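Okay, so here's the structure we're looking at.
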Amino acid sequence: MERPPEDVPDKVEGVGHGGVDQFQPFQYNALKQIQQFLNYPSVLTIFDNTWDFCNVEPSPFLTIVCYEDNVTQLHITGNNGVFPPSLPHNFSIDALFSIISSLSNLKVLSLVSLGLWGPLPATIGKLSSMEILNLSSNYIDGFIPLELSYLNNLQTLVLDHNKFTGQIPHWVSSFNDLAVLSLKNNSLFGSLPSSISSSENLRVLAMADNHLFGEIPSLQNLTNLQILDLKNNYFGPNFPVLHHKVVTVDIRNNSFKSSVPNELNSYFQLEKLDISINGLIGPFPPSLFSLPSINYIDISGNKVTGKLFQNMSCNPHLVFINLSSNLLTGELPACLREKVEEGAVSYDGNCLSGEEGNQKPLSFCHNEALAVEVSPQKLRHKERKAMAVLVSSLVGGIVGLAVIVGLSLWVFQRRNRRAAMKGPSTRLITEKLSTVNTVKLLSDARYISETMKMGANLPTYRAFALEELKEATNNFSHPSIVGEPSLIQIYRGKLGDGKEIVIRSIKMRKKHSPTMFTQHIEMISRLRHNHLVSCIGHCFECCPDDSTVGIVYFVFESLPNGTLRSSICGGGETLNWAQRITAGIGVAKGIQFLHTGIMPGVFSNHLKITDVLLDPNFHVKICTYNLPLLAHQNAGLMGGAAVSSNGLKSNIGGREKEEEKDDIYDIGVILMEILVGRPIMSQNDVMVVKDITQVSNKMDDTARRSIVDPTIIKECSTESLKTVMDICLRCLSDDPTARPSIEDVLWTLQFAAQLQDPWRHDSHHIHRLSDSNPNNLQEQISRG
């Protein structure tokens with residue numbers, strides 16, 4: 001631990017942001033320890049050059065605010081908010097927050113994109129003065145701790161883009177002054193607590209991208225609520241009851257089945273309405289087009305009826321309208337037609353007259369509307385079977401710890417949501433997000449976590465200039481040629497900002513229509529997820545040798561850290577049991593996003609363990625997915641080793657071609673290799689290991705441990721090992737209909753991680769990777 005300079009007096013005088021301050025040495029020591037715990041990130045190098053922290057010039061990445069003798073605000077955003085830094089192998093989130101809690105006068109704490117991992121410790125409850133807490137874009141896992149409820153003055157709680165599990169605690173409504181509650185992009189399940197209805201000061205309620213379900217409690221009494229963001233969950237079936245002062249309503253991709261309420265006509269402050277990809281029925285209120293504040297409407301992917309007229313009025317400030325895939329009739333209003341050429345209006349898949357493109361016969365919409373009235377149940381999505389995992393006490397082991405966890409979750413299948421729909425224009429996709437100062441971000445509810453909305457902490461998708469790519473690749477020298485040289489080539493390069501990239505060059509005949517090509521580009525640009533190797537841009541060029549051929553360059557992030565197989569059975573340092581479960585969770589999350597996170601879903605991805613790559617933090621990412629433009633010669637294209645599967649896929653002939661269940665089978669093969677710790681190279685290997693695993697799993701713990709990788713035998717708890725074996729065997733069922741859903745796989749692996757975690761800590765059987773290699777981290781369970 002570094003000590004403060006010997007000439008630091010008992011009190012350090014300096015002019016801080018709150019006036020003349022006398023900076024206490026214990027606070028100096030605390031900030032220096034925080035720097036050390038975070039592995040000396042570049043944004044904190046200023047700590048090496050000054051002891052007067054109250055006078056540090058504020059920036060978007062570091063702000064310290066003092067009042068009188070005390071630090072009252074601490075904002076740290078890691079690595080320019082792009083990629084989290086590598087924490088030391090012995091990082092302890094408990095120790096970090098123990099030091100932070102010594103700054104007892106903190107009112108604002110923002111630790112964003114720092115790679116923090118592990119459960120949020122109970123010491124968070126000691127920060128009794130806390131008003132604003134932002135821990136977004138880390139890898140914090142486990143349940144939301146009860147000790148958070150001790151922060152009686154809390155006004156803003158932002159835990160977005162972490163790995164929290166469990167249900168939303170009922171005590172979230174106990175904060176009298178809570179204005180912002182944002183828990184987006186975690187693994188929370190269950191329903192919204194009814195107590196949320198009493199949070200009268202709430203301005204932002206953001207629960208998007210979780211596994212939440214059930215009815216929304218009435219929010220009509222929340223007169224201050226401005227933003228409701230519940231997209232990508234399973235809420236429903238009734239439309240939420242809201243106060244008319246709401247500004248943004250985003251309930252996209254849920255299970256709402258009721259009619260669109262007429263009360264929306266009185267939402268005069270409403271600016272954005274996204275109710276797409278649900279099962280909503282009944283007439284669409286046309287007066288929504290002319291609400292005084294409205295600028296964004298998306299009702300696509302429902303069964304909304306109604307007749308549109310040319311002379312309808314519209315708000316001139318509308319910038320995006322998507323009416324696609326409904327049962328609308330009549331004519332497109334003239335005020336919307338003006339915006340069609342701007343790319344701001346989509347209306348395919350209806351029964352509008354006088355329109356070119358994908359419109360259905362008028363009789364179709366009439367018949368479908370009648371069917372909706374008579375038999376609304378026909379619109380319902382098929383219900384997935386209930387997942388009920390009941391956990392009994394852990395018997396035996398070192399400490400005999402009893403864990404009783406009950407999970408019961410109904411998830412609705414979305415197969416009928418795969419119909420192709422025209423999504424937002426690429427203009428919206430390529431739009432860059434400005435950097436927002438952390439203090440500004442926390443004080444203005446409309447911008448909470450907006451910089452993270454593209455997902456995966458990746459740069460915004462954009463179009464690259466050809467000159468930029470030439471400079472990055474030294475004029476496209478030394479390509480790695482994959483497949484037929486005339487069709488596709490791979491280049492590695494480095495952008496001007498130092499970011500390493502992989503460029504895939506594809507030649508295409510100009511017989512392909514621009515519309516078709518644009519659709520492919522749009523689909524590729526939407527594949528933004530923590531567990532996918534993502535495309536960050538493209539570039540077009542005419543082939544200089546053939547005017548009938550165009551060249552498209554796709555730019556991908558580079559992951560040079562090898563494949564999941566090489567980290568399990570590569571002969572060197574291997575992943576421990578907790579890390580292997582984490583890897584399985586990451587694979588499942590990536591496949592879940594491909595199935596349900598975009599429209600239409602991407603299935604039959606022919607996934608192999610060599611298609612799962614590792615970033616510098618050993619965070620898994622899938623580099624192969626089944627898109628037409630990217631389907632050529634996938635192995636090794638994204639920066640990992642090009643390892644042959646020795647015909648594993650080509651020899652599987654007896655499996656039914658159910659596209660969802662194909663991917664589930666592939667996950668089962670990956671889990672099997674994670675268990676046994678050796679390459680599975682053929683379908684015969686799969687069958688042999690599967691048979692042995694089935695027999696061992698039916699016997700006892702000794703039998704199960706006899707077939708697993710010897711390097712993890714002493715690490716895995718009895719219940720955790722059995723849980724992973726069970727889900728692996730279910731994935732490998734010969735009957736595709738008997739294989740679990742991707743949600744079942746994900747939640748079972750997360751549950752296995754929870755079973756492992758207390759055993760891992762209490763038994764002291766913690767596998768340590770080499771201290772000489774700080775990248776080989778004892779990765780947290782939550783990185784799944």
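What follows is calculated from the coordinates using simple rules that are stated; it is not laboratory data. Treat the numbers as computed from the prediction; the structure is a model and nothing was measured. Backbone-built Cβ (ideal geometry, glycine too); neighbour counts: all protein chains shown.
A few remarks follow.
- Here region 550-591 yields Rg over Rh of 1.16, to two decimals, using C-alpha coordinates and the Kirkwood radius.
- Built amide H within the under 5 Å cut-off of residue 142, gap 5+: 165
- Of the peptides 728-738, 209-219, the order by per-residue mean of other Cβ atoms within 10 Å, starting with the highest, comes out as 209-219, 728-738.
- Inter-centroid distance (Cα atoms) of region 200-217 relative to region 552-628, Å: 30
- Computed from the Cβ-Cβ distance with R0 of 45 Å, the FRET efficiency linking residue 341 to residue 738 stands at 0.30.
- With a Förster radius of 25 Å applied to the C-beta separation of residue 218 and residue 177, the computed FRET efficiency comes to 0.70.
- Cα centroid separation, region 245-307 to region 710-750: 41 Å.
- Under the simplified labelling scheme, the residue 684-residue 46 pair shows an inter-label distance of 6.5 nm, with each label point 7 Å from Cα along Cα→Cβ.
- Beta bridge orientation in region 54-200: antiparallel %, DSSP, nearest 5: 25
- Spacing of the two label points (7 Å from each Cα toward its C-beta) at residue 370 and residue 470, in nm: 6.4
- Cross-link table 257/589; 507/608; 32/494; 126/499; 126/163; 163/661, entries beyond 28 Å C-alpha to C-alpha: 32/494; 126/499
- In this rough spin-label picture, where each label sits 7 Å from Cα along the Cβ direction, the residue 102-residue 129 distance is 1.6 nm.
- Overall form of region 225-341 per C-alpha gyration tensor (a/c, 1.5; a/b vs b/c): oblate
- Our note on the geometry: Cα centres of region 27-46 and region 330-350, 54 Å apart.
- Estimated FRET transfer efficiency (residue 497, residue 707; beta-carbon r; R0 35 Å; 0.05): 0.15
- Charged neighbours of residue 667, selected by a Cβ distance under 12 Å, balance to -2 (K, R count +1; D, E count -1).
- Anisotropy class of region 274-314 from Cα gyration tensor, a/c 1.5 cut: oblate
- For region 291-340, the square roots a ≥ b ≥ c of the C-alpha gyration tensor eigenvalues yield an a/c of 1.5 or more together with a/b not exceeding b/c, which makes the shape oblate.
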